[in-house]
Amino acid sequence: MRISPVCADEGGAGSVRSRGAAIAVVILGGAVLLALAGPALSGLDPLAQNIGGANMPPSAAHWLGQDHLGRDIFTRLAVGTRLTLFVALAATLAAILIGAVLGLVAIASGRIAETLVFGGYDLVRAMPSILLAMTLLVALGPGILPLTLAIGIAYAPIFAHVARAVWRRESSAGYVAAARVMAAPPLSILSRHVAPNLFGAIVTQAAIVVPRAITTESVLSFFGIGVTPGTPTWGRMIADAVRHAETAPLALAMPVAALSAITLAFALLGDRLRLGSDPLRRGMAA
Amino acid sequence: MTRGFAGSGAALLRHGAVVCAIAVVMFFLIRVIPGDVVDVLAAEGDLSDSEIAALRAELGLDRGVAAQFVAWLAAAARGDLGLSIRFERPVAEMIWFAVPGTLALAAKALAIGLTLGIGLAAAAVIWPRRVFVWLVNAVNLWSIALPTFCVGLAAILIFSIWLGWLPVLGQATLPAIVIGIDIAGQLAKPLHEDLKEIAAAPFVRAARARGQSRATIVFRHLLPNAAPVAIALSGLILAGLIGGTLTMEVLFGLPGLGTVALQAILGRDYPVVQAVILVFALAIVLVNALTDLCQRALDPRLRHD
């Protein structure tokens, strides 16, 4: 760790970083607000088609205009935000369960279980995540739940390896050795001594995985193997709009802008969390 | 780590095992998919029940999954990847025609990414007070915050629709730039950190004291010592490259493995899906093995143990 020179060097970056965190909070807050209140605000049906209003620019009734089928872009964007955030958060939770929790249980259960389970993670890691999720999704069928599970499996190894790294660091700690000497069962050592220390590492990692899960969901839906056509996630909206981009550019630009803003927000948040979780660099984050 | 020929042999075996395991797992996973290619064909055209049964028998889909696996394995061992069920062409031939497109895009993107990433990192070390340090951070934030999917879509929107410059679809320059910037962002920041540390080392000061030019110091002393960091990042870069290439191909309508994979998955064309996955797994394992070799060649400490 190079402490002093780095601090001196990047002293100015600290303020940029905290501003970044503020930007992230504003974007995420806006997204949550849009997801919760958006559909009620516009009072329109995201699926209602109105061919007469196809490709119309923004108006008092349709704040962001209408897409090629005359559907209200704002309402679709709001419902899409809700679905997209839900899938991404649920998929990350699934990845934590499949990766960190299963991985730790396997580690606690002994050498053979660890080898087998981590061998599985290595297989998953040796595949491009988008290709793996594609294959899994076709196997599981379309829909929100399979989508969540497929993305969860694809990102599970990341959490498994974080969990193992923390476990290895913690298991050499004095209090874990003391618990062992007192013949505490492995699972109780895991839950009472290691898990609390794991929390920060997992949260930091989650901030990296959530935006990737959002992108993966969008790409899969764009490819037409994510959600069913009646479900307006951002990826689905993009897939619909890309063919009509010349006549209804806002229908494409809005979900792309939303996707970019949310990944940016999570990137800034993750950066902040990473610095905040490292006590040696905490001073820099302020 | 005990490394020698025995070490490389063991590593090779492990890499081989991973490829085999992926082939096996994928074979069975794909066959869990409800509905096979015959269902898809039947939905597209009128097929009588007897025709459906005959088609299944001809394709070997009426046999048990285990029997299908043995047949596939035996053929694959002979280098025969089978026939595409939908296109009735040899899978090997389809892959063979798709690979150049993907490789060309990947090579272009990699060339752009490496040039930009290494160039920015080196420039930021040579001229720390100029704009380059800011650029290194900017391109890093860019690659973290903006997925290639978004950038690609934005590029289509801006260049082909709003500016109307060029027919964006079907040409590979724009997607290569999009992926290249992404790679540069992942590479430039860690490389810059590493170069800064090396630049502060006594042997660099000694070189400077001997009156060597900046170019000599950068090319003879700095960059070779930063190579291990760059190579250690190759896994990350490869993942970005593969994911980016797959997405960009479909987005920009380019011929290549990504397009073939998507069509095959949507059409339940099992032999093609298997072959594409195998090709990617082989590529990933090959790069991992090469990374291992390069690290040992560049870092003498890893050679003698």
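The values are calculated or read from the model by the stated rules, or taken from the named source; none is laboratory data. Since the model is a prediction, treat every value here as computed from it, not as a measurement. No Cβ is skipped: glycine too gets one built from the backbone with ideal geometry, and neighbour counts run over all protein chains shown. All accessible areas refer to the heavy atoms of the entire protein, side chains included, with ligands and DNA or RNA removed. Shrake-Rupley method; radii C 1.70, N 1.55, O 1.52, S 1.80 Å.
Leaving out ligands, DNA and RNA, calculate the buried accessible area for the pair A and B with a 1.4 Å probe, summed over both sides, in Å² to the nearest 100.
3300 Å²
For B:Trp162, A:Trp167, write out the residues from largest to smallest accessible area, computed with a 1.4 angstrom probe and no ligands counted.
Ranked from most to least accessible, the order is B:Trp162, A:Trp167.
Lys/Arg Cβ at +1, Asp/Glu Cβ at -1, dipole of region B:91-304 taken about the Cα centre: which of B:Gly185, B:Thr245, B:Leu153 is farthest positive-ward?
B:Gly185
Using the charge dipole of region A:64-201 (Lys, Arg: +1 at Cβ; Asp, Glu: -1 at Cβ; taken about the Cα centre), state which of A:Thr115, A:Phe74, A:Gly174 has its Cα farthest towards the positive end.
Farthest towards the positive pole: A:Gly174.
Taking the alpha-carbon centroid of each part, what is the distance from region A:202-276 to region B:217-240 in angstrom?
31 Å
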